[in-house]
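The values are calculated or read from the model by the stated rules, or taken from the named source; none is laboratory data. Quantities reported herein were computed from a predicted structural model and do not represent experimental measurements. Using ideal geometry, Cβ is built from the backbone for each residue, glycine included, and neighbour counts are taken over all protein chains shown. We work out accessible area using only protein heavy atoms, side chains counted, and drop any ligands, DNA or RNA first. Shrake-Rupley method; radii C 1.70, N 1.55, O 1.52, S 1.80 Å.
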Amino acid sequence: MENTVLDNVEESNDSSSVPFILRGKFFKVVSKIEGKVEAKCVSCKKIVKGSLDSTGNFHRHLKEHDGLEDQFKREKKTDGEQRGNKRKLRLSDGKINPVTRRTLGRRVSQLYDEMIDDMKEKYAKVPYFAVTLDAWSTKGNKRGFLGSTLHWIDEHTLERMSDCLSCRRFPGSHTYDKIAKLLNHILDVYNIKMEKVLKGTCDNGTNFLKAFYAYSAKDEEEEEDQVEEEDESIGDDVNDITMECLEQVLVCEKKNEAVFKITNKSIVTPVVTRWNSLYDSISCLLSLESDLSSAFLAAKCVALTAPEIQFLQEYKQCTQPIAQALDRLQGEKGNINNGCGSYYGCVMPTLIRVQEALTNINHRTPDLCEKLPSILLEHFNRRFEKYLSFSSDHEDAIIAAVSHPYFKLRWVPENKIFSTKDIFINVVVKHVMKKKSSTSPNITPSTQSVSLENQLSPKSADDQFFDFVPFRASGEKMTLIDEVKSECERFLSSAESNLSMLHQFSHVKEIFIKFNTPLPSSGPVERIFNFGQMILDPKRQRISDKNFEMSLLLKLNT
């Protein structure tokens, strides 16, 4: 039996296995035998017996001395803080002092405040914004949140910029008035004026729609979750038939693993909230080709017959235009080097292209899916009737597409080219004249004969010396309106299609930035909820709403 006598008080104080009360300040350990301890009281020299696991006898003895127990509590708290501050993590490249929970909380709050200040300063220089908005509830609907993102186009690089504005706790019923009130409060936090927000993108929830209709700055403001919220009733019967064939393999995890062993591919599982996920799942199955039958047998399912495989192939061909359009419009980034990008100007050309593709498929009449193309086309035309008819209600979508260098007028039907071109030129002229009248209210278009480009851009020494007034071929002076129309003509006739060409057409560039700022989809705000689920994991369910929002915004915006 081991018998250890601790006569040295300093050695006892340094022992991490000895409780604080036995470290020499109040009791000196005399002997320790298999956890049993005898210690001498420093005040009365009495020997008290106890154990390392239970120090109740020592605490009761301290109560016999006036004020000694309170002194013990104070010194124990001080010792704990000092030992916590001295604790170090030893790494291969040095030492790091870990911070306490309280210090970490203060630093997160400080970083959050600095981020908000930087965002306010950045937003003050931006002329136009667009927001996306959606509601989210945690697992079990225990807590509801309202997420919002902010988007704009950098006037120098023409890249789409985005920030996460909030993921604010949203208690109670999600009514339209509460949504509008909370959105206004969020914008006020960042000093964003409502007139700067051109459009809001959300899903087709009636509460969100009513919030935008009732509280928008303009009557024509409306939600624009274009093709993403396509009528989900399209082809429901076909979806049910298809899922009966596939649900055995797609849903069961064990069967999915069996398929992976055969094909070395994971099967994409369709989800209810994404209409095109079924298309992606069927495409994944059909990509297995010769391994398709063996994969079903490995999953202990009845293999698909030749007509069933043909049905899946026709279903994929019929739904491909809409599925591809959904994927294209759900993007968030857009810049000079990625073609058309994810701008609002992509909406109208995409709708026209989908309509043409569905019409061609309907003319071919598939064998097993003969009714599906006509159903898709009928619902599609009904859902986007005003867009496809070039209604004035959606003139902003037309201008956004024409001002995009990648599209211009090449997507417009032949019978609407001239009217669309006139609409575009008139909008540019009105924008320039409005801007000019706000800076020079006494100057009218009829009297304006000085070059607009010379006034809006700095002149070089040569330009200042050779400052001639431009003339038409007939000798008549060019007016401000003539110059703007000429710029529009040169832009539309240019063969360039990259966004960088807009730097050559200053007025068209302003129109592009203004009308292409909105997003065609509310996908960005839904993606922030994925990060929210990472933060609100089962071990962090007690995190406060404020700390959750600060952590999420710091992760997404820095």
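Observations, loosely collected:
- You will find that of Asn362, Asn415, the residue that is open to solvent by 40 Å² or more (accessible area, probe 1.4 Å), touching a Ser or Thr at 6+ places or on another chain (Cβ under 8 Å) and either more than 26 Å from Leu519 (Cβ to Cβ) or β-branched (Val, Ile, Thr) (or both) is Asn362 and no other.
- Filter pass, Arg382 being at pLDDT 90 or above, among the basic types (Lys, Arg) and assigned to a helix (DSSP H, G or I): yes
- Of the residues making up region 496-505, those that are more than 14 Å from Ile425 (Cβ to Cβ) and open to solvent by less than 50 Å² (accessible area, probe 1.4 Å) are Leu499, Ser500, Met501, Leu502.
- Number of the exception - Pro518 against (1) in a helix (DSSP H, G or I); (2) open to solvent by less than 80 Å² (accessible area, probe 1.4 Å); (3) at pLDDT 90 or above: (1)
- Those strands (runs of 3 or more DSSP E) lying entirely in region 130-244 with at least 3 residues open to solvent by less than 10 Å² (accessible area, probe 1.4 Å) and modelled with pLDDT of 65 or more: 144-153, 160-169
- Check on Glu395, open to solvent by 20 Å² or more (accessible area, probe 1.4 Å), part of a helix (DSSP H, G or I) and under 30 Å from Ser486 (Cβ atoms): yes
- Given (1) modelled with pLDDT of 55 or more; (2) loosely packed, with under 14 Cβ neighbours inside 10 Å, index of the condition Phe72 fails: (2)
- Number of the condition not met by Cys369 [criteria: (1) open to solvent by 20 Å² or more (accessible area, probe 1.4 Å); (2) at pLDDT below 90]: (1)
- Check on Val508, more than 26 Å from Gly331 (Cα to Cα), among the β-branched types (Val, Ile, Thr) and not assigned by the TED database to the domain that holds Trp152: no
- For beta carbons closer than 7 Å, sequence separation of 6+ or different chains, a first residue in region 533-554 that is within 17 Å of Ala135 (Cα to Cα) and open to solvent by 50 Å² or more (accessible area, probe 1.4 Å) and a second that is among the hydrophobic types (A, V, I, L, M, F, W, C) and in a loop (DSSP other than H, G, I, E, B), there are no qualifying pairs.
- Answer from Val469, Val429, Val508 - the residue that is farther than 30 Å from Thr132 by Cβ and at pLDDT 60 or above: Val429
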